[in-house]
1. Compute the length gained on full extension between Glu53 and Glu10: take 0.36 nm times their separation in residues and subtract their Cα-Cα distance, giving the result in nm to one decimal.
2. Given H placed 1.01 Å from N in the peptide plane, which residues other than close sequence neighbours of Leu13 have an amide H under 5 Å from its amide H?
3. Do you know the relative contact order of the stretch 8-64, to the nearest whole percent, from alpha carbon pairs under 8 angstrom that are 6+ apart?
Amino acid sequence: MAFFAARDAETSLVCPRCGARLHIGRSCHEVHMHCPACKAQFPLNEYISQADEAMERFLENVYCDRV
Ligand SMILES: [Zn+2]
């Protein structure tokens, strides 16, 4: 499995399907929430209102990192 250093971060939100910690990740220019345990993916929009510190830090990096 590939290791996505700055492209994936664990959040304190839990997966509605299996209860594992959700991760925030990005592929190309899209940011999404995903669960490494059950492989579910969720649109960021559904979680942005409950964004925790990890998510905010991640999103800051995404925007600073833009080429
Ligand atoms: Zn899950």
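Read-outs throughout are calculated quantities, based only on the coordinates presented, and are distinct from any laboratory measurement. Predicted model, so just to flag it, every value in this text is computed and none were measured.
1. Fully extending the segment from Glu53 to Glu10 adds 14.5 nm.
2. Leu22
3. Once normalised by length, the contact order is 30 percent.
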